[in-house]
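Here the structure comes first, spelled out in structure tokens, and everything after it is commentary.
The values are calculated or read from the model by the stated rules, or taken from the named source; none is laboratory data. Since the model is a prediction, treat every value here as computed from it, not as a measurement. Cβ coordinates were reconstructed from backbone atoms using ideal geometry, including for glycine residues, and neighbour counts include every protein chain displayed.
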Amino acid sequence: MGKKFLCLLLAVALISGNGYTADSAKKAALSFSKVTLKIGQKKKIVIKNKNKKAKYSYKSSSAKKIAVNKKGVITAKKAGKAKITVRETIKKKVRKVGVIKVTCKNSTDTDNAANQTPADETPKTPDNYVPSPTPLKQQESPEPTENAPTESPVVKPTTPAWIEAGYTTKVMSVTVNDKDLYSVHGSTCDVDMQYFEGSVSGDYFNGDISGQGTNVTKTYKEGDKVKYCARYIVKGTDEAGNNCNIFIEDNGTKEDSGDLAGKPIIITDSKEFAWIETADIMSRVTDNGDGEKVIDILWNESNTEPVEPPEVVRPDESKSYTRELFTFMIDIGASEEVHGNTANTSMIHFGGRGKCDNFTGEVVADSVDTRIQFNGQVQTLSARYILNGTDAKGNPCNVYVENNGIDDNGMVTEPIIITDCPDYAWIETAPLHGTVSWSPQLTIHMWTTEE
């Protein structure tokens with residue numbers, strides 16, 4: 001009888017232990033419980049420790065004032081207050097995750113940022129980027145005397161165009177640190193190929209850049225126009241804690257204000273984050289100095305129409321390209337892929353060399369051929385690399401190649417070539433055409449017309 005009682009106690013202890021372990025597992029919880037918004041502003045509800053098997057629902061106590069959609073995006077519509085109740089459903093079991101108290105104020109309210117946003121919440125409104133100016137207290141002044149100069153009117157600060165356009169929700173921030181830099185000073189523009197490392201942080205995704213990314217900046221000598229294109233893959237986790245990858249191609253320009261702004265293409269294999277592929281987003285670059293930059297990816301939530309993928313630009317084949325300029329032999333290396341919802345992309349690493357009458361030299365660093373194929377389109381390619389060597393006369397020179405084109409049962413390209421060789425300056429504005437051959441290895445042929 002004593003043994004049976006002892007066994008019973010042991011069984012109860014084991015059952016209790018298992019129950020304690022299950023109950024002590026982290027439950028889904030809200031990242032904030034209060035928020036103050038102005039009319040027209042939006043905010044995404046972020047749930048910590050999401051259960052992958054659960055569904056989450058959102059309900060407002062006053063939808064006419066403060067609405068919330070199926071994805072948990074709060075929209076402030078009228079001045080007032082409301083409570084957003086968040087529930088978790090696993091199979092048929094429903095649990096209340098929590099309640100968010102939302103206050104909506106008129107846009108003319110003068111409450112300062114400290115009163116608008118709780119201390120435990122990271123702002124995701126324009127206040128996160130442009131601090132609200134503190135009104136200056138007008139000093140009393142004596143009555144103007146005759147012939148006294150008239151005071152200039154106070155100039156009110158203008159709202160940045162990107163805020164006016166609706167890009168007010170920060171999706172994520174990319175912090176990068178510059179590494180090796182290679183440059184080519186050409187006739188029409190200067191090219192800087194900047195390698196970088198870095199990480200990504202935000203409510204939807206966190207991770208680290210795989211290896212190194214590259215940013216190519218072209219500074220044109222006519223018109224002082226600056227264009228840049230950064231490409232990289234990031235490995236990390238989405239908001240549900242799933243391992244995933246994202247590919248980013250950020251194409252941008254330098255604005256009249258001196259700021260850098262771009263329109264990124266983002267492809268991800270995350271189901272939770274798939275919406276970003278068709279979202280209306282832009283990027284803003286902040287240079288912190290000492291080689292560190294922060295790129296904020298901003299979302300225009302007011303635009304609910306899916307953004308269409310860029311059109312495929314087919315290389316011109318209307319001319320007779322019979323004059324061969326350069327031949328580059330390519331050594332193919334490792335590759336990385338991201339299979340997204342709207343497109344598949346890959347980054348193929350390579351090295352190589354030039355060996356022809358006009359140029360002899362080597363690719364200066366690890367280079368990448370980026371392939372993107374959106375659903376229903378042919379695959380596009382863009383390989384960027386710099387070679388250092390000598391020209392036909394044996395003089396030192398550098399050549400930047402940007403080989404853009406398509407792979408539609410065969411690669412055809414329309415290259416951009418920038419070089420610091422004076423004898424080859426004309427190539428920068430000449431019609432160019434690229435083809436490939438595979439014997440004895442992958443070889444890139446650059447052609448122009450006889451004209």
- For region 395-413, how many residues meet the condition of being of a type in the set (S, T, N, Q) and closer than 20 Å to Tyr220 by Cβ? 3
- Message: Within region 393-451, take every residue that is crowded, with 16+ Cβ neighbours inside 10 Å and among the polar types (S, T, N, Q) and give me the one that is nearest to the chain's Cα centre (by Cα).
- Response: Asn404
- From the options Ala63, Ala29, residue that is surrounded by fewer than 16 Cβ atoms within 10 Å (Cβ to Cβ), modelled with pLDDT of 85 or more, of a type in the set (A, V, I, L, M) and more than 25 Å from Asp238 (Cβ to Cβ): Ala63
- Answer from Lys105, Lys70, Lys96 - the residue that is surrounded by 10 or more Cβ atoms within 10 Å (Cβ to Cβ) and at pLDDT 80 or above: Lys105
- Query: On the given criteria, is Glu308 part of a loop (DSSP other than H, G, I, E, B) and of a type outside the set (Gly, Ala, Ser)?
  - Reply: yes
- Task: Pull up region 333-360, narrow it to residues that are of a type in the set (Val, Ile, Thr) and within 30 Å of Phe273 (Cα to Cα), then point me to the one that is farthest from the chain's Cα centre (by Cα).
- Result: Ile348
- Message: Looking at the structure I just gave you, is Arg284 of a type in the set (D, E, K, R) and outside the structural domain of Tyr167 (by TED's automatic domain parsing)?
- Response: no
- Do we find that Asp331 is touching a residue at least 40 places away in the same chain (Cβ under 8 Å), closer than 30 Å to Lys179 by Cα and surrounded by fewer than 17 Cβ atoms within 10 Å (Cβ to Cβ) in this structure? yes
- Please work out if Asp111 is under 18 Å from Lys170 (Cβ atoms), exposed (fewer than 14 other Cβ atoms within 10 Å of the Cβ) and either at pLDDT below 80 or assigned by TED's automatic domain parsing to the domain that holds Lys271 (or both). no
- Message: So, restricting to strands (runs of 3 or more DSSP E) that lie completely within region 169-253, which ones have at least 3 residues that are closer than 30 Å to Pro422 by Cα and within 17 Å of the chain's Cα centre (by Cα)?
- Response: 213-220, 226-238
- Message: Looking at the structure I just gave you, is Val191 touching an Asp or Glu at 6+ places or on another chain (Cβ under 8 Å), over 20 Å from Glu272 (Cα atoms), hydrophobic (A, V, I, L, M, F, W, C) and modelled with pLDDT of 95 or more?
- Response: no
- Item | Residue satisfying all of: in region 300-328; touching a His at 6+ places or on another chain (Cβ under 8 Å) and among the acidic types (Asp, Glu); surrounded by the most Cβ atoms within 10 Å (Cβ to Cβ) among these | Glu324
- Being touching a residue at least 24 places away in the same chain (Cβ under 8 Å), within 26 Å of Tyr220 (Cα to Cα) and among the β-branched types (Val, Ile, Thr) narrows it down to one of Ile372, Ile386, Ile416, so name that one. Ile386
- Scanning region 35-60 for residues that are of a type in the set (Ser, Thr, Tyr) and buried (at least 18 other Cβ atoms within 10 Å of the Cβ), which turns out nearest to Asn106 (Cα to Cα)? Thr36
- Item | Those residues of region 285-299 which are surrounded by fewer than 18 Cβ atoms within 10 Å (Cβ to Cβ) and in a strand (DSSP E or B), in sequence order | Thr286, Asp287, Asn288, Gly289, Glu292, Val294
